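See below for the structure under consideration.
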Amino acid sequence: VSSSFHAAYVVFCTVMQAFAMRLSNVGWYEATGVVPQMIVIALTDIVLLVLLSEISAIGLMLLKRLLARCKSAQLSINAWFRPPEWIFADRYAHMLKLVAVVMCFGPAAPVLYFIGGISLLLSVTIQKFMLLKVYARPRPLDDALAWRSRGFLQALFFLHVTMAPLFYAERFHAILAATAAAKDPSKAAALQWYPGATLSE
């Protein structure tokens with residue numbers, strides 16, 4: 001068992017080094033890189049999907065109740081005063097997307113962990129208030145959704161375990177190449193093509 005584990009570990013490290021070498025020139029942290037874009041997406045989701053969506057729901061409800069005063073039939077008044085439906089699918093998709101972004105790119109940008117936590121905390125607080133004051137009673141849900149979520153979260157955990165060493169190896173290789181470029185340009189060229197090379201070689 002130990003020899004098999006050691007062989008798998010060597011293969012895993014080799015693959016991570018190869019990927020790190022290929023990804024070191026991508027520019028993850030540039031202004032138009034993937035990591036800043038993921039941070040912007042996470043922050044934008046807080047504003048658009050957590051705050052503005054519920055503020056618009058409150059505004060729409062108040063507008064409908066204001067227009068209901070112009071109605072004379074009781075059925076029309078009841079229809080205008082009917083609370084909006086709480087759509088679970090949209091909020092569930094937003095939660096899964098946020099968790100996927102945090103689990104995948106959190107190792108590259110740890111600030112995403114804080115952004116994700118704040119977003120979920122705000123979402124829970126606002127949704128509780130909206131369910132009590134604005135929305136109609138939601139539809140009942142069974143445990144099938146929880147089982148599907150379990151499989152998705154297991155896949156995200158595997159992705160997190162895979163992406164964490166990849167980003168760490170990529171940063172190490174990028175720092176090593178930058179240090180080598182400052183000391184010896186030929187060594188930097190060697191590091192660009194051989195990720196296992198070090199400054200002492």
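Computed values, structure above
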{"read-out": "Flag if Val40 is open to solvent by 80 Å² or more (accessible area, probe 1.4 Å), of a type in the set (Val, Ile, Thr), farther than 22 Å from Val161 by Cα and assigned to a helix (DSSP H, G or I)", "value": "yes"}
{"read-out": "Cross-chain or 6+ apart pairs with Cβ under 7 Å, the stretch 122-151 first and within 28 Å of Thr44 (Cβ to Cβ) and hydroxyl-bearing (Ser, Thr, Tyr), then part of a helix (DSSP H, G or I) and at pLDDT below 85", "value": "Ser123/Val50"}
{"read-out": "Residue ID - least open to solvent (accessible area, probe 1.4 Å), chosen from residues in the stretch 66-86 that are in a loop (DSSP other than H, G, I, E, B) and of a type in the set (Gly, Ala, Ser)", "value": "Ala73"}
{"read-out": "Matching helices (runs of 4 or more DSSP H) fully within the stretch 87-201 where at least 3 residues are aromatic (Phe, Trp, Tyr) and modelled with pLDDT under 85", "value": "144-183"}
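The values are calculated or read from the model by the stated rules, or taken from the named source; none is laboratory data. Just so we're clear, the structure is a prediction, and the values are computed from it rather than from any experiment. Heads up, the Cβs are rebuilt from the backbone with ideal geometry, glycines too, and the neighbour counts pull from every protein chain shown. All accessible areas refer to the heavy atoms of the entire protein, side chains included, with ligands and DNA or RNA removed. Shrake-Rupley method; radii C 1.70, N 1.55, O 1.52, S 1.80 Å.
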